[in-house]
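The values are calculated or read from the model by the stated rules, or taken from the named source; none is laboratory data. The structure displayed is predicted, hence computed values, not measured ones. FYI the Cβ positions are ideal-geometry reconstructions off the backbone, even for glycines, and counts take in every protein chain you see. Remember, those area values only see protein heavy atoms, side chains included, never the ligands or the DNA or RNA. Shrake-Rupley method; radii C 1.70, N 1.55, O 1.52, S 1.80 Å.
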Amino acid sequence: MLTEGEIRALTALHGEQTVSELATNLDQSLSYTSELVERLKTAGLVETRRQGKTKQIRLSDAKALELLTDLTQQYSHIDWPELLSGAALRVCYFLDTPRTATELARRADVHRSTVHRALAPLQHRGLVYKTDDGAYALNDGFEQLSTFARELAHQVHRQTVEEQTDTYTILWESLDEFLVQAPTEITDELFIPTGPDQFQRYGLPLLARDRRHYLYSEATSELSPEMLCCHMLVIDSGARTQSYCLLLLSHVDIDRDELRAQAVTYGVDDVVDALCTYLDTSGAQRTSRLPEWEDFQELAEEYEVTP
């Protein structure tokens with residue numbers, strides 16, 4: 001997310017300033033401030049322009065900055081850069097709902113001790129409290145901390161994909177990953193192809209559309225069938241897509257625990273549970289978007305799949 005120095009730079013920028021003026025306001029060297037500005041520009045949080053021999057800097061119109069400005073103006077007595085530095089923003093991203101330290105650690109990919117250490121100053125300030133069942137939650141009035149973290153991540157994701165294509169739609173995102181739809185091919189190795197055209201890897205050639213889908217991830221290099229199933233349901237959870245997912249689940253050796261974990265991550269656990277129940281009961285228990293068992297058997301026979 002952001003370092004303390006980057007947040008201090010953002011809160012110190014009012015109107016347009018030169019790098020030299022910003023360095024003076026931050027009481028930092030010119031070289032250090034120049035590096036801050038370049039990182040913030042890469043993230044799409046500041047804009048720069050040349051005026052003669054000087055570089056003018058101003059905040060961008062990113063939604064995250066509106067939220068940061070609201071926080072700093074409404075609670076000017078709080079040292080926000082200090083509170084939100086390090087892992088605090090990573091953890092706040094997942095405080096959209098009360099969560100235990102264990103769940104926060106898993107989702108933010110940090111140690112439990114890091115969660116406690118990051119939230120202790122916020123708890124001391126009254127921004128965060130512990131519920132009766134031991135979960136962390138944001139106090140009334142500070143819910144926008146989670147929104148700020150999410151908007152910040154969204155801004156970074158936008159900048160990342162805009163380096164690859166001008167036209168895109170982000171279909172799902174988390175702190176460090178996102179699922180994107182684009183009309184053109186993206187060749188960057190951090191963008192992993194997914195979606196309908198990846199079914200052919202499992203001997204299930206689907207009619208590919210003119211849209212391409214990618215998972216951006218710095219931590220994942222391989223697309224598992226469990227992930228592919230969940231991605232398909234994020235892309236389109238209609239009846240046809242669910243039937244294709246049934247084919248995949250019937251045709252490939254699926255780890256049900258891994259499938260459930262991925263489904264929770266992508267927010268499609270209810271649909272995945274319904275698919276598994278459908279297969280386990282040979283269609284006796286089905287939702288309105290799932291086919292009659294006889295119809296699914298015909299589709300499976302067409303693709304040489306045994307349900």
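Is it the case that T147 is within 27 Å of G44 (Cβ to Cβ), among the β-branched types (V, I, T) and at pLDDT 95 or above? Taking the combined requirement at face value, the residue satisfies it.
Within the stretch 1-17, count every residue that is surrounded by fewer than 17 Cβ atoms within 10 Å (Cβ to Cβ) and touching a strand residue (DSSP E or B) at 6+ places or on another chain (Cβ under 7 Å). Qualifying residue count for the region: 2. Mind checking which residues of the stretch 174-204 are free of Cβ contacts under 8 Å to residues at least 40 places away in the same chain and over 19 Å from E226 (Cβ atoms)? Hits for the stretch 174-204 are V180, A182, P183, T184, E185, I186, T187, D188, E189, L190, F191.
Of L26, L30, all but one fail to be open to solvent by 70 Å² or more (accessible area, probe 1.4 Å), among the hydrophobic types (A, V, I, L, M, F, W, C) and out of contact with any Cys (no Cβ under 9 Å at 6 or more places or on another chain); the exception is L30. Suppose the filter is under 26 Å from the mean Cα position of the chain (by Cα), part of a loop (DSSP other than H, G, I, E, B) and modelled with pLDDT of 95 or more; does L249 pass it? It is false that L249 is under 26 Å from the mean Cα position of the chain (by Cα), part of a loop (DSSP other than H, G, I, E, B) and modelled with pLDDT of 95 or more.
What are the residues in the stretch 84-125 that are at negative phi and of a type in the set (D, E, K, R), if any? Show your work before the answer.
Within the stretch 84-125, the subset at negative phi is 84-85, 87-108, 110-125.
Passing the criteria: R90, D96, R99, E103, R106, R107, R112, R117, R125.
If the condition is being aromatic (F, W, Y) and assigned to a helix (DSSP H, G or I), then the stretch 263-307 contributes Y266, Y278, W293, F296.
Of the residues D109, D176, which single one is closer than 19 Å to A261 by Cα, outside the structural domain of D70 (by the TED database), modelled with pLDDT under 95 and among the charged types (D, E, K, R)? Working first, answer last.
On the way: D109 fails: outside the structural domain of D70 (by the TED database).
That would be D176, the only listed residue that is closer than 19 Å to A261 by Cα, outside the structural domain of D70 (by the TED database), modelled with pLDDT under 95 and among the charged types (D, E, K, R).
Evaluated against (1) on the phi > 0 side of the Ramachandran plot; (2) touching a strand residue (DSSP E or B) at 6+ places or on another chain (Cβ under 8 Å), S282 falls short on exactly one condition, (2).
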